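S.K.: Questions regarding the structure given below will be posed in turn.
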Amino acid sequence: MSNTPPAIRGRPDHRFENWAKTYECKPALFFEPESEEQVVEIIRRARAEGKTCRAVGAGHSPSDLACTEGYMIGTDRLNRLLDVDRDAQRVTVQGGMRLHDLHRYLHKHGLALSNLGSISDQSVAGLIATATHGTGIQYGVISTMVTEITLATAAGEILTCSATQHPHIFRAAQCALGCLGIVVRVQLQCEAAFRLCATEELDHMEALLDRWHETARSAEHVRYWWFPYSDDTVVWRANRTDATPSRTPASNWLRDRLVGYYMYEFALYLSRFAPRLLTPTIERRKVAWLHQKPITVVGQSNEVFNFDCLFSQRVNEWSVPAEHAPEAIRRLRDAIRRAPYPVHFPIEIRFVAGDDIWMSPAQGRDVCYIGIIMYRPYNKPVPYKLFWREYETIMRSLGGRPHWAKAHGLVYDDLARLYPHLDEFLAVRQQLDPSGLFLNEYLRRHLLPSGKPLGQAKL
């Protein structure tokens, strides 16, 4: 009797749609492997049959980054905790583990990630593929917490890299957009579990611009939610604490859910019919109903870092050098005030420390991320392209870099001016995947030099 496991089968009828329902694709076959061996089997089959191969986790990227007409590997079953080193405060997990599951395991072992973004639905591999970030001027993108990455490569081999083992590959793999291989294992540096005390207080953007750098450093973690029509701005500050979990004022379903979600979505739906008239009024009502009173929350770190992102939306987010952030806000405010189109809210502003990851938007400099949004109430279309164009023009003029998960208009020549290690990254990509097994339309459109055959980036 053979001990060879049965070949993994792919589904031909799968349709992928991202979380926001703004991008979709129909891969040739969709696989859900449960082991590294099965991932390698899929890669070898794709290579033999002349197919490309992309991995997808939560599908939260608001772009076509995960899309493919080739083979798609769903990573949800690659979700095991592999190792916990309590002394070093490190954990090793499979790449498909979702963040909300990771939090549960970490809490059980008295550990936590030092910083988080707004949600915890993503897979760990997806999180680092795009250098997802939280906020805190002393804290880097989440990829800076990664100490070791294991890839299933285009050659059908398992390769582990770190700062001491294949360090050039590691620097590329810490933010690789899925084009070096399938991330099957990740080791993360954690810290002892902690609570956060977060406060929300209403301020005014003009006042904040006068004390911008002081406010950004007024707590371990600071973010702004800016309402551009009124210039009202909620300042969120969070610090580590030993205080007992609490919330003041207490949660209220009528305020937080009925008004903050259902009525807000309905109001934005109505505003589609008279956007310039109704949208500023909705903003003022939202601030008055939800943000006039200060809020204080004490809780487990991941619960305080995260918040409800509400309903379907289009988002765009770029980082600019920290010193240029006030100018970016002023110019964006001027553009919104004269714009013939509506703008949704809030605009989220976060602060991130610089790093040495080749393709990180924070590479080589402290940055401020400015994220804009246009909600899609009840999944209905909203005008956004003029706003996006104006916003991107401002960000580009200030040396901005787009968040890799978001749709943007930059191509190789643009990115080569922004990322000094781009050609080194592409050389690693060529080394690991010379035939372009892991490429898709997004990567070809943005990363590869125009008019050059595959693999001819400058070395």
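S.K.: Explain nothing, just the number: relative contact order of the stretch 230-345, from Cα pairs under 8 Å at least 6 residues apart, as a whole percent.
M.R.: 37 percent
S.K.: Turning to a different aspect of this structure: Mean residue ellipticity at 222 nm from the helices of the chain, using -39,500 (n - 2.57) per DSSP H segment of n ≥ 4 over the full residue count, to the nearest 500 deg cm²/dmol?
M.R.: About -8000 deg cm²/dmol.
S.K.: Compute the Cα gyration tensor for the stretch 196-402, then decide on rounded, prolate or oblate, letting a ≥ b ≥ c be the square roots of its eigenvalues: rounded whenever a/c is under 1.5, prolate when a/b is larger than b/c in the other cases, and oblate in all that remain.
M.R.: Working: a/c = 1.65, a/b = 1.02, b/c = 1.62.
Taking the square roots of the gyration eigenvalues as a ≥ b ≥ c, the stretch 196-402 is oblate.
S.K.: Report the Cys residues of the chain lacking a disulfide-compatible partner, meaning no second Cys Cβ under 4.7 Å from their Cβ.
M.R.: Within the chain, the cysteines lacking a partner Cβ under 4.7 Å are Cys53, Cys161, Cys175, Cys179, Cys190, Cys197, Cys309, Cys368.
S.K.: A further question on this structure: Taking the Cα centre of the chain as origin, sum charge times position over the Cβ atoms of Lys and Arg (+1) and Asp and Glu (-1), and report the length of that vector in debye to the nearest 20. Provide the component values of the computation, followed by the final result.
M.R.: On the way: 55 positive and 51 negative charges, 236 e Å.
The dipole magnitude comes to about 1140 debye.
S.K.: Output the relative contact order of the stretch 179-246, whole-number percent, from Cα pairs under 8 angstrom with separation of 6+ residues. All intermediate terms of the calculation are to be shown ahead of the outcome.
M.R.: Details: 82 pairs, mean separation 26.5, N = 68.
Across the stretch 179-246, relative contact order equals 39 percent.
S.K.: Measure off 7 Å from each Cα along the Cα-to-Cβ vector at Ser35 and Arg15, then give the distance between these two points in nanometres to one decimal.
M.R.: 3.4 nm
S.K.: May I pose another question? Do the alpha carbons of any pairs in Lys21/Lys286; Lys26/Lys108; Lys26/Lys385 sit beyond 30 Å of each other, and which pairs? Can you show the working numbers first?
M.R.: Values: Lys21/Lys286 25 Å; Lys26/Lys108 39 Å; Lys26/Lys385 25 Å.
Over 30 Å Cα-Cα: Lys26/Lys108.
S.K.: Below 15 angstrom from the Cβ of Ile119, what's the summed charge of the other residues (Lys, Arg +1; Asp, Glu -1)?
M.R.: On the way: positive: Arg98, Arg223, Arg350, Lys406; negative: Asp101, Asp121, Glu303, Asp308, Glu317, Glu348.
Result for the neighbourhood of Ile119: -2.
S.K.: Let me have the relative contact order for the chain, percent, based on Cα pairs under 8 Å that are six or more residues apart. Provide the component values of the computation, followed by the final result.
M.R.: On the way: 977 pairs, mean separation 77.4, N = 459.
RCO, the chain: 17 percent.
S.K.: So which aspartates and glutamates can Lys406 reach, going by Cα to Cα under 18 Å and dropping same-chain residues fewer than 8 places off?
M.R.: Glu17, Glu24, Asp64, Asp121, Glu317, Glu348, Glu390, Glu392, Asp414, Glu441
S.K.: Mind listing the phi-derived Karplus ³J(HN,Hα) values for the stretch 302-315, rounded to whole Hz, using 6.51, -1.76 and 1.60 with θ = phi - 60°, and x for any glycine or proline?
M.R.: Per residue, the Karplus-derived 3J(HN,Hα) values read 5, 5, 7, 4, 7, 8, 6, 8, 6, 10, 3, 7, 9, 9 Hz.
S.K.: Once amide H atoms are built 1.01 Å from N in the peptide plane, which residues 5 or more positions from His204, or in another chain, come under 5 Å H to H?
M.R.: Answer set, sorted by chain and number: Thr233.
S.K.: Mind checking the angle between helix 422-432 and the chain's longest principal axis? C-alpha axes, 0 to 90 degrees, to the nearest 10.
M.R.: That helix lies at roughly 30 degrees to the long axis.
S.K.: OK, next. Classify the stretch 319-459 as rounded, prolate or oblate, taking a ≥ b ≥ c as the square roots of the eigenvalues of its Cα gyration tensor: rounded when a/c is under 1.5, otherwise prolate if a/b is larger than b/c and oblate if not.
M.R.: Working: a/c = 2.39, a/b = 1.60, b/c = 1.49.
Taking the square roots of the gyration eigenvalues as a ≥ b ≥ c, the stretch 319-459 is prolate.
S.K.: Can I ask one more? Would the stretch 272-389 count as rounded, prolate or oblate if I go by the C-alpha gyration tensor, calling it rounded below 1.5 in a/c and otherwise prolate when a/b exceeds b/c, oblate otherwise?
M.R.: On the way: a/c = 1.78, a/b = 1.27, b/c = 1.41.
It is oblate, given that a/c is not under 1.5 and a/b is not larger than b/c.
S.K.: Beyond 45 Å, what share of the Cα-Cα pairs of the chain remains, rounded to the nearest whole percent?
M.R.: Pairs farther apart than 45 Å: 10 percent.
S.K.: Could you pull the Cα extents of the stretch 81-192 along its three principal axes, largest to smallest, in whole Å?
M.R.: On the principal axes, the stretch 81-192 reaches 38, 28, 26 Å in Cα extent.
S.K.: Whole Å is fine, so just give me how far the alpha carbon centre of the stretch 188-254 lies from that of the stretch 379-451.
M.R.: With the stretch 188-254 and the stretch 379-451 each reduced to a Cα centre, they are spaced 31 Å.
S.K.: Using a 7 Å offset from the Cα along the Cα-to-Cβ direction at both Thr296 and Ala48, what is the distance between the two label points in nm, to one decimal?
M.R.: Taking the two extended label points, one gets 6.5 nm.
S.K.: For the stretch 41-126, state which GluC sites (Glu not before Pro) are in a DSSP loop and have at most 13 other beta carbons lying within 10 Å of their beta carbon. Walk me through the intermediate numbers first.
M.R.: Values: sites: Glu41, Glu49, Glu69; in loops: Glu49, Glu69.
Hits after loop and neighbour filter: Glu49.
S.K.: Same structure, new question: Please compute the net charge surrounding Arg90, taking Lys and Arg as +1 and Asp and Glu as -1 over other residues with Cβ under 13 Å from its Cβ.
M.R.: Residues near Arg90 contribute -3 overall.
S.K.: Given points 7 Å out from each Cα along the Cα-Cβ axis, report the Glu214 to Gln189 separation in nanometres with one decimal.
M.R.: Between Glu214 and Gln189, the label points sit 3.3 nm apart.
S.K.: Out of Leu254, Cys161, Thr135, whose Cα points farthest toward the positive end of the dipole of the chain (charges: +1 Lys, Arg; -1 Asp, Glu; placed on Cβ)?
M.R.: Leu254
S.K.: Starting from the alpha-carbon convex hull of the stretch 7-97, give the projected area averaged over all orientations, in nm². Numbers along the way, then the final one.
M.R.: Values: hull surface 26.9 nm².
One quarter of the hull surface, i.e. the mean projection, equals 6.7 nm².
Rule-based calculations on the coordinates, nothing more; no lab input. This structure is a prediction, so every number in the text was calculated from the model and none was measured. Positions of Cβ are backbone-derived with ideal geometry, glycine not excepted, and every protein chain shown enters the neighbour counts.
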